[in-house]
Amino acid sequence: MGFEPNTVGGWFDLNQNIMHRMGEDERKTKKRRTPAPIPRKLAAHLRRWRAQGCIWAIEYDGARVANVKRAFASAVNAAELSGVTPHTLKHTAITWALQRGVSTWDAAGFFSTSQETIEKVYGHHAPDYMQSARDAMDRVSRG
């Protein structure tokens, strides 16, 4: 991902604070890769990297990382971790978002995952999970 629109991958629009997950020439697939707002802390890092002369958000020795999957696997290996994949990181991020009270609607949009999947797989992590049922049971009268 770079800091300008390109044909090979997504890009960060730091003027509008939007992360575009697809390059201009990439074809659409079933995988949702919709634009999303850039979190403030990440935006600060991205601005610093761009100010330092980076052209790409993911660089190694001043060049764009050609294969992010291979680079991720190398980083996991170098850190001597096991079982860490981009999917596990996404799973963790969605879980944490719901635990912090993010709505399933907003989580679905931000993480490019259907609201149905968010509710089915992660919904039990929300602090208000089954709250209305709990409230109803608390109101049950005895007698």
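The values are calculated or read from the model by the stated rules, or taken from the named source; none is laboratory data. Computed from a prediction, not measured in an experiment: that's the story for all the values here. These area figures cover heavy atoms from the full protein model, side chains too; ligands, DNA and RNA do not enter into them. Shrake-Rupley method; radii C 1.70, N 1.55, O 1.52, S 1.80 Å.
Below are the figures for this structure:
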item	result
Carbon and sulfur %, accessible surface of segment 60-131 computed with the full protein complex present, 1.4 Å	57 percent
Shape of segment 83-142, Cα gyration tensor, a/c cut at 1.5	prolate
Gain in span if fully extended, V68 to H125, counting 0.36 nm per residue against the direct Cα distance	17.5 nm
Residue-averaged [θ]222 nm for the chain, counting only DSSP H segments that reach four residues, each worth -39500 (n - 2.57)	-11000 deg cm²/dmol
Gain in span if fully extended, L81 to A36, counting 0.36 nm per residue against the direct Cα distance	13.3 nm
Lys pairs, the chain - Cα-Cα below 22 angstrom, 8 or more residues apart or on other chains	11
The chain - share of DSSP beta bridges that are antiparallel (%, nearest 5)	90 percent
